[in-house]
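Read the structure below first, then the notes.
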Amino acid sequence: MTILKRALLTIVGNVVVIFVLALLARNYILNPDLLKIEHAADQKDIQRFEQALDRYRLVLEGRIKRIYEAAGLLESLDDTINWQPLIQHLAKIGGYEDLDYFILSDESGANAVLQAGEFVDRNGSPPPQQALDEILAHILPKLDSSNRSAISGLFRSASDGPIVYAAGRAHWHSKKLPSIYIAVRRLNDTMIPDFTAQLGLDAEIISPTILNEELDKYDIALGQRSTIDTLYSEVEGDDKQPIMSLRFHTAPRAFDDETFSPTLTVAMFAVAASWSIVFIYLYYNMIMPVRRNRPANSPFHSILS
């Protein structure tokens, strides 16, 4: 075998060995650590959404408390003052402009009235009357068992979908004031995109069927990133059962995870080019002069030929 062929085989062999070693180092040393960092960042995004939803729920609780403070002031006024027209303004104290609807009722939950909030007035459809009965049936037992002035939570209404709510019950001497006030915000395609955009996230609601199909398609679990940089999670209600499925669109992966990734391909060609330059230099500065000056009967004649 001539020295030229040996040199070429050496170059090819080195390129292949370096590529394989780089691939193994990337897949088994570097990428596992990067995947852990990426996964932790993805989990923080999901946690940020969940924490923001919890904060929003607590904000609604605070509004309920303000309503009862205002109602308590009304009850303390002289009975001769006609404050009946002010009752509907309690809803505005509770954040009417940021609600889909609210419910007012007496202490037992009877004589309930469901009123649309400003979001429904602007963008949405009125709440179905069945939602009133469903929500009262879910919330009244929680008010009965709670010693707090206001409660809040997440619930999926069969007739109106997933909601976040806050509720309170007061015991008045007068029968003119509503005892129970429930504030409701729908967790729907109008609320979630705006809500997540404020957090710097990009999320959308999907059906449980689509969720399961995409988890199977990409062979991932909840909270794991797919090959198209999507992330999936579920929101749990008061009963710890899923009430809503979400698809998060994440930023593209910041590192290579393909076999022939651009980085490794460029590195492979760089190594091949470097060896080629070395070979050309040695060939013209060492091998060629030796071949020109070698004796005809040199033992290296066959090697240098």
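The values are calculated or read from the model by the stated rules, or taken from the named source; none is laboratory data. Because the structure is a prediction, the values reported are computed rather than measured. So basically every Cβ, Gly included, is an ideal-geometry build from the backbone, and we count neighbours across all protein chains shown.
The figures follow:
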item: Helices (runs of 4 or more DSSP H) enclosed by the stretch 183-283 - at least 1 residues per element that are within 17 Å of Ala52 (Cα to Cα) and in contact with a strand residue (DSSP E or B) (Cβ under 6 Å, 6 or more places away or on another chain); result: 191-198
item: The stretch 152-169, subset within 19 Å of Lys142 (Cβ to Cβ) and surrounded by fewer than 19 Cβ atoms within 10 Å (Cβ to Cβ), residue modelled with the highest pLDDT; result: Gly153
item: Residues that are over 15 Å from the mean Cα position of the chain (by Cα) and under 17 Å from Ile46 (Cα atoms), drawn from the stretch 222-239; result: Gly237
item: Residue within the stretch 170-179 that is touching a residue at least 60 places away in the same chain (Cβ under 8 Å) and not in a loop (DSSP other than H, G, I, E, B) present; result: no
item: Qualifying residue in the stretch 155-165 (condition: without any contact (Cβ under 8 Å) to a residue 40 or more places away in the chain, aliphatic (A, V, I, L, M) and out of contact with any Lys or Arg (no Cβ under 8 Å at 6 or more places or on another chain)); result: yes
item: Extreme residue, surrounded by the fewest Cβ atoms within 10 Å (Cβ to Cβ), among residues of the stretch 31-80 that are within 21 Å of Leu201 (Cβ to Cβ) and β-branched (Val, Ile, Thr); result: Ile37
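To keep it simple, each residue is scored yes or no on (1) surrounded by 13 or more Cβ atoms within 10 Å (Cβ to Cβ); (2) under 23 Å from Tyr101 (Cα atoms); (3) modelled with pLDDT of 95 or more.
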{"site": "Ile180", "(1), (2), (3)": "yes, yes, no"}
{"site": "Ala183", "(1), (2), (3)": "yes, yes, no"}
{"site": "Thr190", "(1), (2), (3)": "yes, yes, no"}
{"site": "Pro193", "(1), (2), (3)": "yes, yes, no"}
{"site": "Gly200", "(1), (2), (3)": "no, no, no"}
{"site": "Gly223", "(1), (2), (3)": "yes, no, no"}
